[in-house]
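Working notes for the structure below.
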Amino acid sequence: MGSYLLLLKVPHMAPLLAATLIARLPIGINGLAIVLFLRAETGSFAVAGAAAGALALGSGVGAPVGARLIDRLGPAVLPALAVVHAAGLVGLVTLGSGGASTPALVAVSAVTGMVLPPVSSVLRALYPRLLASDEALTQTAFALDSVLTEVLFVAGPLIIAGLVAFVNPGAALLVSGAAVVLGTVSFFVALPARPAREPGLHHSRTGPLGALRDPGMRTLVFSMVPVGFAFGAIEVAIPAFADAEGRPELAGILIAIWSLGSAVGGLVYGARPRRASLAKVHLTVAMIIPLSLLPVALAWSPAVMAFLVVPAGIFIAPLIATRNELAGTVAPPGAETEAYTWPLTALVSGIALGAAVAGVLVDSVGWRSAV
């Protein structure tokens, strides 16, 4: 693990990583919390899945827009986005508790997702400058970034599980709102001084397509959608499984275990030198992912499900790490921050579709059909 210690000794890296961990906590909380909150308020997994999918889809659509603004204007827009996102979560809790219509819940969820600050993409775009383009440290940085994402998916569900047990799912959304404001402001304060450049110069070079003008970027984006679809379906299937077992409080714990498996896989990937090309490693991991998810449908008890979700998660963080690193290699000059958002956009778009389809399947057939 020496490579991780070397990375954390790089100036600015430790405080920036800590701040992004807090700012990105909504990633680990919002989806599951919305499913549990709206399932409790409306009695329907279809409504809950649609709202969770809308939030994920909104974040996918909004991230490149926000990132393009940051490429052009700088990171000063981040705190404002955080405040609006937090306000949206408060509004969703208010509407859900008041019996608002499904279209209203879906609309608010979508808008709230659109303004989630892209702090992780800003940090990834800084890696070449912070790490002096050191290849080994860059691999470790992207691996740690993906591991921290999985830490969010462990910590988030555990926070939800505690709040569901002692308060209610809506409280988790309020905690998420507080975290995004605190973390984003801390991240903005910790940023190194930005090199001076002529405003709007790079924007004019990238054109209306921005980062997507590169064919390699388009390939990375489109191939990420089915991956997200699978993840979105699993994120609905696991709470539905827990509900069918009469133990809804286990949903957060099971998803946390799933994410823990991913974190372990990411740590191992980042600690070992890469012996094959980045593209080859990524393709190999991508082919293994669907095979690792299928056994989840065989679970017949919470204990078995807890066992099966571990191998289902092992390859997720390495997939995300290699995909993000590949995005950096094909990013057009001046669109670096935006480039790192597009794989996420594709992923969450797939998650949105997967969650929505899985919600309908769970209500009509059962949780296994969503896997």
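The values are calculated or read from the model by the stated rules, or taken from the named source; none is laboratory data. No experiment lies behind these values; they were computed from the predicted model shown. Neighbour counts are summed over all protein chains in view; Cβ atoms, including those assigned to glycine, are modelled from backbone coordinates with ideal geometry.
Checked against (1) in contact (Cβ under 8 Å) with a residue 40 or more places away in the chain; (2) under 29 Å from R124 (Cα atoms); (3) surrounded by fewer than 23 Cβ atoms within 10 Å (Cβ to Cβ), L69 meets all criteria but (1). Say whether the condition of being at pLDDT 75 or above and either in contact with a Lys or Arg (Cβ under 9 Å, 6 or more places away or on another chain) or not in a helix (DSSP H, G or I) (or both) is met by at least one residue in segment 349-359. No, there is no match, as no residue in segment 349-359 is at pLDDT 75 or above and either in contact with a Lys or Arg (Cβ under 9 Å, 6 or more places away or on another chain) or not in a helix (DSSP H, G or I) (or both). The C-beta contact set for segment 162-185 (first residue among the small types (G, A, S), second residue surrounded by 23 or more Cβ atoms within 10 Å (Cβ to Cβ) and not in a helix (DSSP H, G or I), distance under 8 angstrom, 6+ apart or interchain) comprises G183/R24. Among residues of segment 1-28 that are in contact (Cβ under 8 Å) with a residue 40 or more places away in the chain, those with a Cβ under 6 angstrom from a residue that is of a type outside the set (G, A, S) and not in a helix (DSSP H, G or I), sequence gap 6+ or separate chain, pair up as H12/P192.
Here L17, L7 are screened, and the one residue that is in contact with an Asp or Glu (Cβ under 9 Å, 6 or more places away or on another chain), over 27 Å from L353 (Cα atoms) and not aromatic (F, W, Y) is L17.
Scan segment 291-306 for residues that are under 23 Å from the mean Cα position of the chain (by Cα) and over 13 Å from A237 (Cα atoms) and jot them down. If you could, list the steps in order and put the result at the bottom.
The initial filter retains those residues of segment 291-306 that are under 23 Å from the mean Cα position of the chain (by Cα), namely 291-294, 296, 305-306.
Hits for segment 291-306 are L291, S292, A306.
Please go through segment 204-216 and pick out each residue that is modelled with pLDDT of 65 or more and at positive phi. The answer is G210, and nothing else. Scanning segment 8-24 for residues that are part of a helix (DSSP H, G or I) and surrounded by fewer than 24 Cβ atoms within 10 Å (Cβ to Cβ) returns L8, M13, A14, P15, L16, L17, A18, A19, L21, I22. Out of everything in segment 261-279 that is at pLDDT 80 or above and surrounded by fewer than 18 Cβ atoms within 10 Å (Cβ to Cβ), what residue ends up being nearest to A136 (Cα to Cα)? Step by step, filter segment 261-279, then rank; the result is V268. Just to check your reading of the model, which residue among A51, A14 is within 20 Å of G156 (Cα to Cα) and at pLDDT 85 or above? Of A51, A14, the one residue that is within 20 Å of G156 (Cα to Cα) and at pLDDT 85 or above is A51. With respect to A82, is the statement that it is assigned to a helix (DSSP H, G or I) and either closer than 30 Å to F241 by Cβ or free of Cβ contacts under 8 Å to residues at least 60 places away in the same chain (or both) true? So A82 does not fit the description; no.
Are there helices (runs of 4 or more DSSP H) fully within segment 107-203 with at least 2 residues that are modelled with pLDDT under 85? List them. Break it down stepwise before answering.
Details: elements: 119-130, 135-166, 169-190.
Answer list for segment 107-203: 119-130, 135-166.
Taking each residue of segment 118-133 that is within 28 Å of V84 (Cβ to Cβ) and looking for partners that are among the aromatic types (F, W, Y) and crowded, with 19+ Cβ neighbours inside 10 Å with beta-carbon atoms closer than 6 Å, six or more apart or interchain, yields V119/F187; S121/Y340; R124/Y340.
Listed conditions (1) out of contact with any Ser or Thr (no Cβ under 9 Å at 6 or more places or on another chain); (2) over 18 Å from L32 (Cβ atoms); (3) surrounded by 23 or more Cβ atoms within 10 Å (Cβ to Cβ); (4) of a type in the set (A, V, I, L, M) are all met by A107, apart from (3).
Confirm whether A286 is surrounded by fewer than 17 Cβ atoms within 10 Å (Cβ to Cβ) and in contact with a helix residue (DSSP H, G or I) (Cβ under 8 Å, 6 or more places away or on another chain). Outline the logic, then answer.
On the way: surrounded by fewer than 17 Cβ atoms within 10 Å (Cβ to Cβ): no; in contact with a helix residue (DSSP H, G or I) (Cβ under 8 Å, 6 or more places away or on another chain): yes.
So A286 does not fit the description; no.
Does G350 qualify as being closer than 29 Å to G270 by Cβ and out of contact with any Gly (no Cβ under 7 Å at 6 or more places or on another chain)? Give the derivation first.
Numbers: closer than 29 Å to G270 by Cβ: yes; out of contact with any Gly (no Cβ under 7 Å at 6 or more places or on another chain): no.
When the stated conditions are applied, G350 does not pass them.
Residues that are among the β-branched types (V, I, T) and more than 19 Å from V348 (Cα to Cα) were ranked within segment 224-260; the one that is surrounded by the fewest Cβ atoms within 10 Å (Cβ to Cβ) is I253. Could you say whether any residue in segment 244-255 is acidic (D, E), over 27 Å from F153 (Cβ atoms) and modelled with pLDDT under 75? Within segment 244-255, not a single residue is acidic (D, E), over 27 Å from F153 (Cβ atoms) and modelled with pLDDT under 75. Sort through G246, G266 and tell me the only one that's outside any helix (DSSP H, G or I) and not basic (K, R). After ruling out the rest, the residue left standing is G246. Restricting attention to segment 85-100, which residues are part of a helix (DSSP H, G or I) and either at pLDDT 90 or above or out of contact with any helix residue (DSSP H, G or I) (no Cβ under 6 Å at 6 or more places or on another chain) (or both)? Selection gives H85, A86, A87, G88, L89, V90, G91, L92, V93, T94, L95, S97.
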